[in-house]
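**Q** Pasting in a structure now, in structure tokens, and then I'll have a few things to ask.
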Amino acid sequence: MGETPRPTLERVWVAYLAAVAVVAVVTPGGGDPRHGPWSLLALHAALAAAAWWCARVATRRGPDAARPWRTALALIGLPASFSALRWLLPAVHPEPYEYDLLALDRWLFGGEAAQVLGPPPPLLAELLQLTYGAFYFLCIAAVVAAGVGGGRRAFDRAMLVTVGGFLVSYLGYLLVPVLGPNRVFEGPPPQGVWIAAPLHEAIDAAEANPWDCFPSGHTMMTLTALLVTWRPARRAFWLLLVPVASVIVSTVVLRYHWLGDVAAGAVLAWPCARFFGWLGDRDGWPDAVPAAPPAPQASLK
């Protein structure tokens with residue numbers, strides 16, 4: 001029986017939570033009423049305690065026992081830690097970085113990309129809004145598909161890479177807080193056919209942290225969804241390809257992101273996946289797709 005893998009996923013959680021907590025402690029509020037470091041620290045302490053519990057279960061009882069706890073922490077902790085950044089980001093960088101990204105759009109296209117492209121046809125806007133809203137579900141589906149196609153090892157690897165990727169994107173928001181074009185420019189979103197408009201309003205209302213553009217998490221994590229399914233679940237990879245492309249297009253056409261955000265998310269996806277895969281290798285996590293045994297040698301007579 002092999003050694004129990006180290007609690008890599010929990011170490012990633014704690015490293016992220018500690019980094020953000022340090023920034024919260026040393027960053028003055030500057031009088032911004034939205035600055036709430038103690039609320040953020042309380043939430044991060046609770047998430048760190050949950051990560052500690054997952055690590056304890058994984059170390060003492062093995063990854064099979066820890067898997068439900070790790071899954072619950074990911075499903076609850078990722079949106080919670082993302083939303084908690086609203087208590088910190090207004091005080092971190094008061095500079096309007098969005099105007100630097102607008103300058104890039106203007107240099108490339110002569111104006112904001114979505115304005116230059118013009119509004120999409122209503123049916124296309126409907127489809128793009130639906131896939132944009134299904135972003136989290138695509139990421140969850142990719143992890144589940146990896147588990148179905150490759151078993152528990154593939155599920156655990158996909159979980160590690162996906163959670164790590166999300167937390168890296170959140171650190172990007174901390175380094176370069178950016179508002180999206182839809183919050184910088186006035187005007188209605190592209191008009192759909194049935195539910196695009198109410199879905200757009202619901203997403204805006206539910207998004208507690210609006211400084212979430214750089215890098216584009218939608219781009220980065222949907223590409224990561226493809227990466228985690230490539231080896232263990234090739235059929236799911238091909239099924240996700242069109243929705244992932246639709247999500248990436250929607251980020252610009254629906255004015256959620258600047259082109260620089262999308263480029264940054266696309267560039268970060270593969271190195272982050274490789275980095276967290278390397279962490280798993282270093283800490284003894286079984287490979288998502290075990291190597292095939294060598295073919296038997298033909299005996300010589």
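The values are calculated or read from the model by the stated rules, or taken from the named source; none is laboratory data. Just so it is clear, the structure is predicted and the values come from calculations on it, not from any experiment. For neighbour counting, all protein chains shown are included, and Cβ atoms are generated from backbone atoms with ideal geometry for every residue, glycine included.
**Q** Hey, which of the helices (runs of 4 or more DSSP H) in the range 79-196, taking only ones fully inside, have at least 2 residues that are closer than 15 Å to R255 by Cβ and among the hydrophobic types (A, V, I, L, M, F, W, C)?
**A** Hits in the range 79-196: 98-109, 113-117, 122-133.
**Q** Looking only at the range 6-27, how many residues end up being of a type in the set (S, T, N, Q) and not in a helix (DSSP H, G or I)? Quick ask: steps written out before the conclusion?
**A** Taking the range 6-27 first, the residues of a type in the set (S, T, N, Q) are 8, 27.
Still in the running and not in a helix (DSSP H, G or I): 27.
Matching residues across the range 6-27 total 1.
**Q** Looking at this structure, is V247 under 18 Å from the mean Cα position of the chain (by Cα) and in contact (Cβ under 8 Å) with a residue 40 or more places away in the chain? I'd like the intermediate steps shown before the answer.
**A** Numbers: under 18 Å from the mean Cα position of the chain (by Cα): yes; in contact (Cβ under 8 Å) with a residue 40 or more places away in the chain: yes.
So V247 passes the test.
**Q** Condition check: buried (at least 17 other Cβ atoms within 10 Å of the Cβ), at pLDDT 90 or above and closer than 22 Å to A114 by Cα. Does G164 satisfy that?
**A** Against the criterion (buried (at least 17 other Cβ atoms within 10 Å of the Cβ), at pLDDT 90 or above and closer than 22 Å to A114 by Cα), G164 does not qualify.
**Q** Where residues in the range 13-40 are hydrophobic (A, V, I, L, M, F, W, C) and touching a residue at least 60 places away in the same chain (Cβ under 8 Å), which of them is surrounded by the fewest Cβ atoms within 10 Å (Cβ to Cβ)?
**A** A19
**Q** Restricting attention to the range 191-200, does a residue exist that is within 20 Å of the chain's Cα centre (by Cα), farther than 20 Å from W258 by Cα and without any contact (Cβ under 8 Å) to a residue 40 or more places away in the chain?
**A** No, the range 191-200 contains no residue that is within 20 Å of the chain's Cα centre (by Cα), farther than 20 Å from W258 by Cα and without any contact (Cβ under 8 Å) to a residue 40 or more places away in the chain.
To keep it simple, each residue is scored yes or no on (1) in contact with a Phe, Trp or Tyr (Cβ under 8 Å, 6 or more places away or on another chain); (2) of a type in the set (G, A, S); (3) modelled with pLDDT of 90 or more.
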position: T4; (1), (2), (3): no, no, no
position: V57; (1), (2), (3): yes, no, yes
position: A74; (1), (2), (3): no, yes, yes
position: G110; (1), (2), (3): no, yes, no
